[in-house]
Amino acid sequence: MMPVDEAIERIFRKLPKLGSEALPLVRAHRRVLAQPLVARHSQPPFDASAMDGYAVRAAEVVPGQPLKLAGTSQAGARFVGMMEHGQCVRIFTGAPLPIGADAVIMQEEATAKGNQISFEKVPKPGQSVRKQGFDFKRGAELLPAGVALTPAMLNLAASANHPTLTVTRRPRIAVLATGDELVAPGTPLGPDQIIASNTYGLIPLLAPWAEQVIDLGIVADDKDKLEAALLGAFDQGVDMLVTTGGASVGERDYVQEVLRDLGVEVDFWKLRMRPGKPLMFGTRGKTLVFGLPGNPVSALVTATVILKPALRALTGHIDPFWPRIGVPTLLGLPPNGPRRHFMRATLSRNDIGFLQVEPIFETDSSHSTSLALADALIVVPEDSPGVPPGEIVDVIPLSWG
């Protein structure tokens, strides 16, 4: 059995380059920047007022002694010309600072009598002024490549005058469930049949990093039918093929055999983890091929632990393993064996509002209820002697996205 970290390293070494594409800002949310975002101008592009009030020369302000109102500067319509000595200009938030002014006094600290404006306090030079380039300067790198674009980042890109952004391409993924016993949800169950559930968890889990996820449905444990379905996926040019079930070496576990016959180079097929030991990885040209276990918990946990980091790396994320957090465990953890245990758990807050994690002690890989109730996985190292309550443990939050 291969250690988890080594398996992930081997997968990362075989990730293809998907290239990049330019997208308009309205379609770039959550996409990954393929190159740094560089400011095309300075922001603000001029010295601007930070509030509604009056633009003045700080040195000319004497409390109670009025200055003459010379005009108005507002956003989109600046005061034209120079503000002369002994004058002030009515100004609004975001408007260009008039030539000759060096401070803004808020309107609540001013008294107007016709065109004579007096002030309560002497301002400091630069008061309530946003200097040109205060936010960013032309040519500055605002965001590095490899970040997933948030709403705030898209707002920044628009402010930097970028109508489009270059982002990494996303893979096309095909998902296939195998097993004679499987039937679709809503089907009356016959003898020895079970509902096929894995696809309905895997597709939304993988979708945030995919251009398209193709559901290839359910295929019986029949070599010819498997070969036709798998070959069809390869013919569609998918970047990643994910199967569930049939990847072990039982008498009717044909997936690995058929994939080899179709030219897949199998790298490994057993991992030192639980749940999820029988996980297969291989490649066919540039197509990544994963054979996940058939048990529902094993399928979703291996997809979270193995496929999600692979997809994040494939799509150019700076940190493929985000998020990982250290949290104290509410209950003690028992000793662990030679396989790394990704233990179902729930996050909560203690009496003073700090995060804590509570383990779920159900370990059966078919027990979907416990995984549905979990919002985290505790990573229990191989051969751990056990963990006492209150100790910090490594946690993978299950955002399922």
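Only the coordinates and a few stated rules stand behind these numbers; no lab work does. Every value quoted in this text rests on a predicted model; they were computed, and no experiment measured them. Glycine also receives a Cβ, built like all others from the backbone with ideal geometry; neighbour counts cover every protein chain displayed.
Taking the Cα centre of the chain as the origin and placing charges on Cβ (Lys, Arg +1; Asp, Glu -1), which of Y200, I218, I306 is farthest toward the positive end of the dipole?
I306
Given an 8 Å cut-off on Cα distances and at least 6 residues of separation, report the relative contact order of the range 48-130 as a percent.
Dividing the mean separation by the residue count of the range 48-130 yields 42 percent.
Counting Lys and Arg as +1 and Asp and Glu as -1, each charge on the Cβ, what is the dipole of the range 209-276 about the Cα centre in debye, to the nearest 20?
In debye, rounded to 20, the range 209-276 gives about 400.
Sum -39500 (n - 2.57) across every DSSP H segment of at least 4 residues in the chain, then divide by the residue count to get the 222 nm mean residue ellipticity, nearest 500.
Value at 222 nm, helices only: -4500 deg cm²/dmol.
Rounded to whole Å, give me the distance from the Cα center of the range 129-176 to that of the range 198-212.
25
Please state the relative contact order of the chain as a whole percent: Cα pairs under 8 Å, 6+ residues apart?
The normalised contact order for the chain reaches 15 percent.
Where the only charges are on Cβ atoms (+1 Lys, Arg; -1 Asp, Glu), what is the dipole of the range 26-109 about its Cα centre, to the nearest 20 debye?
Rounded to the nearest 20 debye, it is 700 debye.
Note the per residue figure in Å³ for the convex hull of the C-alpha positions in the range 325-397.
79
In Å, what Rg and Dmax follow from the Cα atoms of the range 64-214?
In order Rg, Dmax, the Cα atoms of the range 64-214 give 30.8, 96 Å.
Using Cα positions and a limit of under 16 Å, work out the lysines in reach of K17, with same-chain residues fewer than 8 apart set aside.
K286
List the aspartates and glutamates whose alpha-carbon lies under 13 Å from that of K121, not counting same-chain residues fewer than 8 positions away?
Filter leaves E60, E108, E109.
Rg and Dmax of the range 48-130, using alpha carbons, in Å: what are they?
When restricted to the Cα atoms of the range 48-130, Rg and Dmax are 10.9, 32 Å.
With just the Cα atoms defining each centre, how far is the range 291-313 from the range 272-289? Give it in Å.
Their Cα centres are 9 Å away from one another.
Determine one quarter of the surface area of the Cα convex hull of the range 308-348, which equals its mean projected area, and express it in nm² to one decimal.
Over all viewing directions, the range 308-348 projects a mean Cα-hull area of 4.4 nm².
Among the lysines, which fall within straight-line cross-link reach of K277, defined as a Cα-Cα distance under 22 Å, with same-chain neighbours fewer than 8 residues apart omitted?
Reachable lysines: K14, K308.
Loop only per DSSP, at most 12 neighbouring Cβ atoms within 10 Å: give me the chymotrypsin sites (Phe, Trp or Tyr not before Pro) in the range 282-369, ordered by residue number.
Loop-located and lightly packed - F354, F361.
Pick out which of R90, R340, R31 has the largest mean-square fluctuation in a Gaussian network model of the chain, springs linking Cα atoms closer than 10 Å.
Result for the chain, Cα springs under 10 Å: R90 fluctuates most.
For the chain, what is the charge dipole size about the Cα centre, in debye to the nearest 20, if Lys and Arg each add +1 at the Cβ and Asp and Glu each add -1 at the Cβ?
1700
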